[in-house]
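The values are calculated or read from the model by the stated rules, or taken from the named source; none is laboratory data. As the structure is a computational prediction, the values presented were derived from the model and not from experiment. In this analysis, Cβ positions are derived from the backbone assuming ideal geometry, glycine residues included, and neighbour counts consider all displayed protein chains.
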Amino acid sequence: MSVLPKSITRRVRPLYAVAGVAAASALVIPAMALGGSAKVNSTTFSLFPNPAQINCLSAGPGRIPTAQVTVTRGRLADNLSIKVTNVKPNTDFDLFTVQHSPQLANGQPDPAFTGSFGMAWYQSDLHVGRDGTGSAKIKTILLDQIFGFDASRGVAPVNTFNVGFWFNNPADAAACGFTGVTPFNGEHQAGPLAMISRLNATTNLGPLCTDPASASNGTFTCNP
């Protein structure tokens with residue numbers, strides 16, 4: 001095996017590492033490897049309903065909305081796919097990556113959540129059809145490196161390691177007591193949070209961080 005040039009970036013290296021393994025793409029690779037030396041190639045995780053909106057989100061009594069997200073690391077950009085089931089038919093949503101999640105790993109409210117999702121990036125629309133299912137795909141930088149910043153305002157790089165989607169139409173959540181609007185669609189006239197990822201129990205980071213590192217103060221950061 002030849003030695004990789006030093007100019008190869010960290011995003012390319014994981015592909016070289018698995019190039020000689022024919023079945024690598026079929027393996028289920030752990031979503032997080034604390035202290036591991038190699039980047040994981042793929043991660044799968046669930047999104048969970050916003051409890052306040054579950055009756056407006058569900059396709060009907062006894063039908064629990066589900067959302068599964070799979071992200072695969074790419075050479076230049078990563079690929080994310082999401083599939084939702086048991087959701088109210090013919091409803092539109094807006095998919096974002098965000099800095100903060102209001103839910104701990106066990107589903108309890110995060111006491112540190114102040115009501116702000118922090119930095120947020122609009123990624124895709126998500127339509128649920130008449131059968132209560134929907135799907136979407138995006139291709140962008142996601143695993144371990146997704147961030148935003150604004151040097152002109154003194155905003156340092158901020159990672160957005162959580163994934164969630166919001167009701168596109170505020171009226172779809174009115175029966176659950178929602179009033180007003182949120183900025184989570186292209187017109188900045190969206191409804192409330194519908195479903196979101198939960199924080200990792202150990203690192204307190206969102207699932208788009210697959211390579212956490214322990215800091216000296218007991219918190220965790222993500223190896224880019």
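Modelled with pLDDT of 95 or more and part of a strand (DSSP E or B): is that true of Ile82 in this structure? Spelling it out, Ile82 is indeed modelled with pLDDT of 95 or more and part of a strand (DSSP E or B). When residues in region 91-116 are screened for being closer than 17 Å to Trp166 by Cβ and surrounded by 12 or more Cβ atoms within 10 Å (Cβ to Cβ), 14 of them pass. List the pairs whose first member sits in region 76-88 and is at negative phi and basic (Lys, Arg), whose second member is in a loop (DSSP other than H, G, I, E, B) and buried (at least 18 other Cβ atoms within 10 Å of the Cβ), and whose Cβ atoms are under 6 Å apart, counting only residues at least 6 apart or on separate chains? Listed by first residue and then by second, the contacts come to Lys88/Ala59.
Scanning region 171-201 for residues being over 23 Å from Ala112 (Cβ atoms), touching a strand residue (DSSP E or B) at 6+ places or on another chain (Cβ under 7 Å) and outside any loop (DSSP other than H, G, I, E, B) gives a total of 3. Among the residues of region 144-158, is there at least one that is hydroxyl-bearing (Ser, Thr, Tyr) and either more than 13 Å from the chain's Cα centre (by Cα) or exposed (fewer than 14 other Cβ atoms within 10 Å of the Cβ) (or both)? Among the residues of region 144-158, at least one is hydroxyl-bearing (Ser, Thr, Tyr) and either more than 13 Å from the chain's Cα centre (by Cα) or exposed (fewer than 14 other Cβ atoms within 10 Å of the Cβ) (or both), which makes the answer yes.
Taking region 65-103 as the range and being hydrophobic (A, V, I, L, M, F, W, C) and out of contact with any helix residue (DSSP H, G or I) (no Cβ under 8 Å at 6 or more places or on another chain) as the test, the residues that pass are Ala67, Val69, Val71, Leu76, Ala77, Leu80, Ile82, Val84, Phe93, Leu95, Phe96, Val98.
Residues that are surrounded by fewer than 21 Cβ atoms within 10 Å (Cβ to Cβ), under 23 Å from Gln103 (Cα atoms), touching a helix residue (DSSP H, G or I) at 6+ places or on another chain (Cβ under 9 Å) and modelled with pLDDT of 95 or more occur in region 160-174; there is at least one. Taken together, the residues in region 148-175 that are in contact (Cβ under 8 Å) with a residue 24 or more places away in the chain, in contact with a Pro (Cβ under 8 Å, 6 or more places away or on another chain) and not polar (S, T, N, Q) amount to 6. Residues in region 205-222 that are part of a loop (DSSP other than H, G, I, E, B) and at pLDDT below 95: Ala215, Ser216, Asn217, Gly218, Thr219.
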